[in-house]
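> This is the structure I have questions about; it appears just below.
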Amino acid sequence: MINKMGLTEDIKYVLLSEEQIRARVKELGAQLTEDYRGKNPIFLCVLKGAVNFYADLTRSMGDYMEMDFISISSYGAAQKTSGIVRINKDLDSSITGRHVIIVEDIMDSGLTLNHLTSVLRTREPASLKIVCLLDKPERRECAITPDYVGFVIPNEFVVGYGLDFAGTYRNLPFIGVLKPEVYTEAK
Ligand code: PRP
């Protein structure tokens, strides 16, 4: 249940401002441009949370690249990642022999990306790396680390810039911490 008070009123505080995100995404884009120069990599967007990050990151890439999209969902209870990933919409392109960069909004338990990378590795890409805007290492449940990280964040309930709670808040231009009363049942 969501006790909505208003899109921005539901936010306890801004963790990462639009300006902070913009600056860091540009830095990541510059680094990826250098690291993948001449390799024509495929940037793989994991729907839906990564969309805003993906749109900004790819526009800060200064060399040839291609885009593709995958939609996945996790089996199991809604709030808990099971680690078993179902592919709802697969990639259109073959990644065999290609340099692939998975673009994600957040790594939490790490179970989703752990499973997704093992599925994609069976397709034998030339390389497979992960870029995550946000990393919550405190929550990790398996041995996986993103290759590129925007921000390491504390274990707070964050929304905005693609991240949702129950489908809402993805359109906020910043990343904020949700007020607990929004997602806690009134007594
Ligand atoms: C989020 C996020 C990652 C996953 C991270 O996706 O985009 O895919 O959870 O969690 P984990 O590290 O604990 O596995 P979500 O299932 O919320 O879907 P969405 O991208 O459509 O919002």
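Each value in this text was obtained by applying a stated rule to the coordinates, not by laboratory testing. Because the structure is predicted, anything quoted here is derived from the model rather than measured. Here the Cβ positions follow ideal geometry from the backbone for every residue, glycine too, while neighbour counts run over all protein chains shown.
> What ranking of ASP147, ASP92, ASP135, ASP108 emerges when the number of other C-beta atoms within 10 Å of each C-beta is taken as an exposure proxy, fewest first?
Details: ASP147 14, ASP92 9, ASP135 22, ASP108 19.
Ranked by crowding around the Cβ, least crowded first: ASP92, ASP147, ASP108, ASP135.
> Just the number, please: Stokes-Einstein D of the chain in µm²/s, Kirkwood Rh from C-alpha pairs, 25 °C, 0.890 mPa s.
Numbers: Rh = 17.1 Å.
So the translational diffusion coefficient is about 143 µm²/s.
> Mark the label point 7 Å from the Cα of GLU27 along Cα→Cβ and return the residues of segment 115-153 whose backbone N is within less than 15 Å of it.
Only 132-135, 148-153 fall inside the zone, counting backbone N under 15 Å.
> Let me ask another. Which aspartates and glutamates, if any, have their Cα less than 13 Å from the Cα of LYS26, not counting same-chain residues under 8 positions apart?
Cα-Cα hits under 13 Å: GLU18, GLU34, ASP56.
> Looking at segment 1-45, which GluC sites (Glu not before Pro) are in a loop (DSSP not H, G, I, E or B) and have at most 13 other Cβ atoms within 10 Å?
Numbers: sites: GLU9, GLU18, GLU19, GLU27, GLU34; in loops: GLU9.
Sparse-neighbourhood loop GluC sites (Glu not before Pro): GLU9.
> Considering all projection directions equally, how large on average is the shadow of the alpha-carbon convex hull of segment 84-187, in square nanometres? Walk me through the numbers on the way to the answer.
Working: hull surface 32.5 nm².
Here the figure is 8.1 nm², rounded to one decimal.
> Suppose we keep just the DSSP beta bridges with both residues in the chain; what percent of those would be antiparallel, to 5?
Values: 12 of 34 bridges.
Close to 35 percent.
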